[in-house]
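The values are calculated or read from the model by the stated rules, or taken from the named source; none is laboratory data. In this text, all values refer to a predicted model and were calculated from it rather than measured experimentally. As a convention, Cβ positions derive from the backbone with ideal geometry for all residues, glycine included, and neighbour counts pool all protein chains shown.
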Amino acid sequence: MLLTALSCLVIQAVYGFRSDVSLHGESGLKVQVQDQPGISQVYVSIQQTNGVITDHAATKQPTSNGKKWIYLDNNSGVNPGDKVSYRTNVVYNGDLVTSEWYEDEATYPLELVRSMRSHTVFRDDFTTWSPDHYNIIVTANRGGNNEFQVYTNRYQNLYVKEGKLYIAPTETVNDAHFDENKLYHGRMDVKGLWGECDYSWNWGCDRTAATDILPPIMSGRIRTHAAIRYGRVNVRAKLPLGDWIWPAIWLLSKDEKYGQWPKSGEIDIMESRGNLWMDYHDNKNHAITQVSSTLHWGTSPEQNKHDMTHNSKQKWGGGNWHDDFHVYSLEWTDSHIITYVDNVEIMHVRTPGNGFWGWGGFHGNNIWSSGGKNAPFDQYFQLILNVAVGGDFFPDGARYSHPKPWSQRSPHPMRDFWERRGEWQKTWFGEEACMAIDYVEMIQY
């Protein structure tokens, strides 16, 4: 056996290195593991239908998505739809890291599937601003994370310039309807001001200053009318730089088939923080040098299992994610959800063998029993782009490039944020504080 000499080094990993299995040619089988620093060897264990396990060495090869360790059997006899039981054994920094056993359905590579049956549902290159393609969200409900902005349909917060869409956070006092006194003592009649209002909960349509002030920031959030169920999403964007700015590229269920959030799921392709530095006393930067992806799913906000489906990617080669445009992508099938930045994987979630209900360890009646094994991620989802400011995404107790001007325990966090504006205003430099989007693309498989 190839692994005998290394058996004393085996570590049972909580998760394996990212891998996938696909058909190759008429009867071939290919297993791939994404390369990363520290990997020196990869072996693939295949369990035959008779229970016999065979081990095979993989070789490192260049691909269009970076270097991968590939095992190829041109005469496996596997047919489309057959179940393949395998695990990966990766020699990583001298230790052998063994994954759990996977049982995946043998299919042809996504690139080939796309070429055969995919079609573009929606693409916007922002040569002009076409608001009829989107639902422009207008609300002061502060999201679900106690954010500090009101989303408006003002040109100052959403505009197209030189082939780019800019989502711009601005100060509320710079709007003609508000000043410092109204921020502290006034009323924000959202529908009266902007002709429409979404999400009335949490005073989203009519907010009055009281213990806390009115939202001190105005910003933009759009949601496509187009929707896809499985496919690929590509968004080429430059992230904003500035303290307490929170850009996001994400998707929500079109029809909320399984109920309100998070019962119908949420797919976060990209989130980031505009601060130059944030760490959890681990000396690892979780601010603008990091982007993260998350799936939200559960029976209630308190039973949201997002911690099980989250990962992040540090900027490689120096610099940060604000320095240039990057392509943030989602690859979504009934068997997995993968996110990428510039075709480098951020998060890879396989559909659990016992479904998300079983994997999440929920009790009671299965709210996703009417759907597929990958429910709630088996519905049509719409793409959302927004720039938030403040809120719970910036935790207390972390260390920042500048001290956090509010506490999540404060009865008036927006007032605290605003009254220390001299500390964060100097980090917002015009359009550098905006999220600039070059194009969005939604492809249905």
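Could you tell me which residue of region 237-278 is nearest to the chain's Cα centre (by Cα), considering only residues that are of a type in the set (D, E, K, R) and either under 17 Å from Gly220 (Cα atoms) or not assigned by TED's automatic domain parsing to the domain that holds Ala226 (or both)? Can you show your working first?
Pass one, region 237-278, residues of a type in the set (D, E, K, R): 238, 243, 254-257, 263, 266, 268, 271, 273.
Now restrict to residues that are either under 17 Å from Gly220 (Cα atoms) or not assigned by TED's automatic domain parsing to the domain that holds Ala226 (or both): 238, 271, 273.
Values: Lys238: 15, Glu271: 6, Arg273: 13 Å.
Ranking the qualifying residues of region 237-278, first place goes to Glu271.
If only residues of region 1-29 that are over 28 Å from the mean Cα position of the chain (by Cα), small (Gly, Ala, Ser) and not in a strand (DSSP E or B) are counted, the one that is modelled with the lowest pLDDT is Ser7.
Residue-level check: of (1) in contact with a Gly (Cβ under 6 Å, 6 or more places away or on another chain); (2) surrounded by fewer than 20 Cβ atoms within 10 Å (Cβ to Cβ), Glu302 misses just (1).
Of everything listed in (1) at pLDDT below 95; (2) surrounded by fewer than 19 Cβ atoms within 10 Å (Cβ to Cβ); (3) in contact with a Phe, Trp or Tyr (Cβ under 9 Å, 6 or more places away or on another chain), the single unmet condition for Arg142 is (2). Determine whether region 279-296 contains at least one residue that is assigned by TED's automatic domain parsing to the domain that holds Asp342, among the polar types (S, T, N, Q) and under 16 Å from Phe362 (Cα atoms). So far as region 279-296 goes, no, none of its residues is assigned by TED's automatic domain parsing to the domain that holds Asp342, among the polar types (S, T, N, Q) and under 16 Å from Phe362 (Cα atoms). Take the residues of region 235-291 that are closer than 26 Å to Glu302 by Cβ and of a type in the set (Asp, Glu): which is surrounded by the fewest Cβ atoms within 10 Å (Cβ to Cβ)? So, considering only residues that are closer than 26 Å to Glu302 by Cβ and of a type in the set (Asp, Glu), the one surrounded by the fewest Cβ atoms within 10 Å (Cβ to Cβ) is Asp255. Of the residues in region 381-391, at least one is in contact with a His (Cβ under 9 Å, 6 or more places away or on another chain) and not aliphatic (A, V, I, L, M).
Name the residues in region 30-41 that are at pLDDT below 90 and of a type outside the set (Gly, Ala, Ser), would you? Matches in region 30-41: Lys30, Val31, Gln32, Val33, Gln34, Asp35, Gln36, Pro37.
The listed residues are Asn135, Asn146, and the only one of them that is touching a helix residue (DSSP H, G or I) at 6+ places or on another chain (Cβ under 8 Å) and among the polar types (S, T, N, Q) turns out to be Asn146.
Residue pairs whose Cβ atoms lie under 7 Å apart, separated by 6 or more positions or on different chains, with the first residue in region 199-220 and among the aromatic types (Phe, Trp, Tyr) and the second in a strand (DSSP E or B), are Tyr199/Thr139.
Of the strands (runs of 3 or more DSSP E) lying entirely inside region 234-338, those containing at least 2 residues that are in contact with a His (Cβ under 8 Å, 6 or more places away or on another chain) and over 21 Å from Tyr439 (Cα atoms) are 290-296, 310-314. Only one entry of Phe126, Phe122, Phe178 meets the criterion of being surrounded by 15 or more Cβ atoms within 10 Å (Cβ to Cβ), within 22 Å of the chain's Cα centre (by Cα) and either assigned to a helix (DSSP H, G or I) or among the aromatic types (Phe, Trp, Tyr) (or both), and that entry is Phe122.
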